[in-house]
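Beneath this line is the structure, given in structure tokens, with notes to follow.
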Amino acid sequence: MSWGSELWDQFDNLEKHTQWGIDFLEKYAKFVKERSEIEISYAKQIRNLSKKYQPKKNSREEEESKYTFCKAFLTTINELNDYAGQHEVIAENLTSQIITELSRYLQDLKTERKSHFHDGRKAQQHIESSWKQLESCKRKFERDCKEADKAQQYFDKMDADINVTKADVEKARQQAQVRHQMAADSKSDYSSYLHKFNQEQNEHYYTVIPNIFQKLQDMEEKRIERLGACMRTFADVDRQVIPIVGKCLDGMSKAAEAIEAKTDSKQVVESYKSGFEPPGDVEFEDYEQAMKRAVSESSLNNSRGEVRERPTGKSKGKLWPFIKNKNKGSGPEDFSHLPPEQRRKKLQGKLVELNKDIQKETDQRDALTKMKDVYVKNPQMGDAASLDPRLAELEQNIEKLQFEVQKFEGWLSEVEERMPSKSDTHRRSGLYESQSSGAVNNNCAQDRESPDGSYTEEQNSESHEKANVANAKPPVAVTPEFDDEFDDEESLPTIGNCKALYPFDGHNEGTISVAEGELLYVIEEDKGDGWTRVRRNQDEEGYVPTSYVEVFLGTNAKGAMTYI
């Protein structure tokens, strides 16, 4: 059905309807814009939520992340962050594919509608003007006819009157003829214009107006189709992110399925295991025997030793694993305030950190050394002497870190020597006897009861520190491989030669001093710790920094088969 044929007389209603269609399109564009803003706001809130519950660095939350349920929660947070990103994608696509396009289309639509209705009003004004002109011609014809009729009647009256002169009769006759001629002319004009008007009116209602209304109909149908396309896009924008959202949800589900209660329980043991053995049975102490009581009163050390095995009946002291540590700060440097197992872990972690620091400082030193060599060879590029202070500072830092490594390795060796082996777990009482002078004895016997029957904890850290000093080994070499291998292993074969590029003093145990330009035999390559083992003669061998020598490995090296 065509608007031009069916709605030829509904110009005003069509104008209202098309304006309502544009208003509706604007309302839909506003709806999509508000939906986009909601998506952006929602994504922002989700991201903030994800950020809020991210574990803080250097906090207990980061330590707890080793549990499977903590890892699952962290995965959920990360997936939720990606999920928020998909809502941002939705908002972006709604803006670019619908809002922006509709804004341009609305401008074009308003311009097109305005043009069509302007042509319609112009055609309407033209037909109305033609109608008014036709009415004017009609009224003129009617008026001329009446004037001609009056003139004819006046002539007839004058001609019948015998008292009127012949001249007056002739004048009346001429006047009547003029009026009849004017009426005839008006009739001709009216007839001609009427024919013209009918043609224009026919063209107006069957050609001009139908064409304009057809354009309006096409415009309106395009608007509706465009609106439908936008609504489909509105749904497709959501549908496009569903696979990724599904992957995010799948990731959350997999993370939840990866939670293992047994593994977390085992992790609790690893995290809090002290390494101590449970205390043995407390023996009955017979107070009826005066000798035992005398011994108990006369010897503080014996009292403490007896208390360790057989606490007095009056003592209601807590067992040593449950004694609270008053040292609530960071604790001693050697972590002696911790149980053996936890202390071992802390020392191992500290050694890892120190070795990383040494590697970092060594890399910086090697880089500066290379830069210095370049400056020496090409003075125009820079002053080589300007790098000496920094190199000296790096060397000093490396020596300090190496000393720290030696110190912590000594403490670690001490802890590992005192750790009970699995084969001895059934010998509880024997464990206490064998460790009477060590850290466990200090934690157990001396902390349980003081000579006056009260508990003491301050003596624990003091006696423990004394035990550490007494049992500490002399500084060992930079890496764990140095230990005592020089004393008890056979001579290693030579695998190459090396030339000393710089002098090295070799103050630390396990190292060897070399002079610049000295030729040495290589008996062990750098294992990644920055040291190479060399030999000067059958009796002199040790480690030198790898960056201080130029190594020539291979079976053709001089002396390669000397000690094989």
Being assigned to a strand (DSSP E or B), among the polar types (S, T, N, Q) and open to solvent by 20 Å² or more (accessible area, probe 1.4 Å) is the filter here, so list the residues in segment 524-544 that pass it. none
If residue 8 satisfies every condition in (1) within 30 Å of residue 221 (Cα to Cα); (2) outside any helix (DSSP H, G or I); (3) without any contact (Cβ under 8 Å) to a residue 60 or more places away in the chain but one, which is the exception? (3)
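Would you be able to say whether some residue in segment 103-125 is under 22 Å from residue 194 (Cα atoms), open to solvent by 80 Å² or more (accessible area, probe 1.4 Å) and part of a helix (DSSP H, G or I)?
So in segment 103-125, the residues under 22 Å from residue 194 (Cα atoms) come out as 122-125.
Among the residues that remain, those that are also open to solvent by 80 Å² or more (accessible area, probe 1.4 Å) are: 122, 125.
Narrowing further to those that are part of a helix (DSSP H, G or I): 122, 125.
Yes, segment 103-125 has at least one match.
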Filter segment 72-103 down to residues that are over 30 Å from residue 256 (Cα atoms) and not hydrophobic (A, V, I, L, M, F, W, C), then give me how many there are. 8
Residue 389 versus (1) modelled with pLDDT of 85 or more; (2) surrounded by 12 or more Cβ atoms within 10 Å (Cβ to Cβ); (3) out of contact with any Lys or Arg (no Cβ under 9 Å at 6 or more places or on another chain): which is the lone unmet condition? (2)
Determine whether segment 34-43 contains at least one residue that is open to solvent by less than 60 Å² (accessible area, probe 1.4 Å), within 16 Å of residue 230 (Cβ to Cβ), among the hydroxyl-bearing types (Ser, Thr, Tyr) and in contact (Cβ under 8 Å) with a residue 60 or more places away in the chain. yes
Tell me the residue from 172, 184, 160 that is hydrophobic (A, V, I, L, M, F, W, C) and crowded, with 16+ Cβ neighbours inside 10 Å, please. 172
Residue check for residue 223: assigned to a helix (DSSP H, G or I), touching a Ser or Thr at 6+ places or on another chain (Cβ under 9 Å) and not hydroxyl-bearing (Ser, Thr, Tyr): yes
Close pairs from segment 83-100: first assigned to a helix (DSSP H, G or I), partner open to solvent by 50 Å² or more (accessible area, probe 1.4 Å), Cβ under 7 Å, at least 6 apart: 84/47; 86/244; 87/42; 88/40; 90/238; 91/40; 99/33
Mind checking which pairs have a first residue in segment 358-384 that is at pLDDT 85 or above and a second that is among the polar types (S, T, N, Q) and open to solvent by less than 60 Å² (accessible area, probe 1.4 Å), Cβ under 6 Å, 6 or more apart or different chains? 361/397; 366/547
All but one of (1) open to solvent by less than 80 Å² (accessible area, probe 1.4 Å); (2) without any contact (Cβ under 8 Å) to a residue 60 or more places away in the chain hold for residue 239; which doesn't? (1)
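Answer yes if at least one residue in segment 192-201 is touching a residue at least 12 places away in the same chain (Cβ under 8 Å), open to solvent by 60 Å² or more (accessible area, probe 1.4 Å) and within 59 Å of the chain's Cα centre (by Cα), and no otherwise. First the steps, then the outcome.
Of all residues in segment 192-201, those touching a residue at least 12 places away in the same chain (Cβ under 8 Å) come to 193-194, 196-197, 200-201.
Those left that are additionally open to solvent by 60 Å² or more (accessible area, probe 1.4 Å): 196, 201.
Cutting the leftovers down to within 59 Å of the chain's Cα centre (by Cα) gives us none.
No, the conditions are met nowhere in segment 192-201.
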When segment 250-285 is examined, which residues are found to be surrounded by 15 or more Cβ atoms within 10 Å (Cβ to Cβ), in a helix (DSSP H, G or I) and of a type in the set (A, V, I, L, M, F, W, C)? 252, 255
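Return a yes/no flag: does segment 187-199 have any residue that is among the aliphatic types (A, V, I, L, M), under 19 Å from residue 136 (Cβ atoms) and in contact with a helix residue (DSSP H, G or I) (Cβ under 9 Å, 6 or more places away or on another chain). Steps first, answer last, please.
Quick first cut of segment 187-199, residues among the aliphatic types (A, V, I, L, M) only: 194.
Then drop every residue that is not under 19 Å from residue 136 (Cβ atoms), which leaves 194.
Next cut, in contact with a helix residue (DSSP H, G or I) (Cβ under 9 Å, 6 or more places away or on another chain) only: 194.
Within segment 187-199, one or more residues are among the aliphatic types (A, V, I, L, M), under 19 Å from residue 136 (Cβ atoms) and in contact with a helix residue (DSSP H, G or I) (Cβ under 9 Å, 6 or more places away or on another chain).
The values are calculated or read from the model by the stated rules, or taken from the named source; none is laboratory data. Worth saying up front: this structure is predicted, and the values here are computed from it rather than measured. No Cβ is skipped: glycine too gets one built from the backbone with ideal geometry, and neighbour counts run over all protein chains shown. Calculation scope for accessible area: heavy atoms of the full protein, side chains included, ligands and nucleic acids excluded. Shrake-Rupley method; radii C 1.70, N 1.55, O 1.52, S 1.80 Å.
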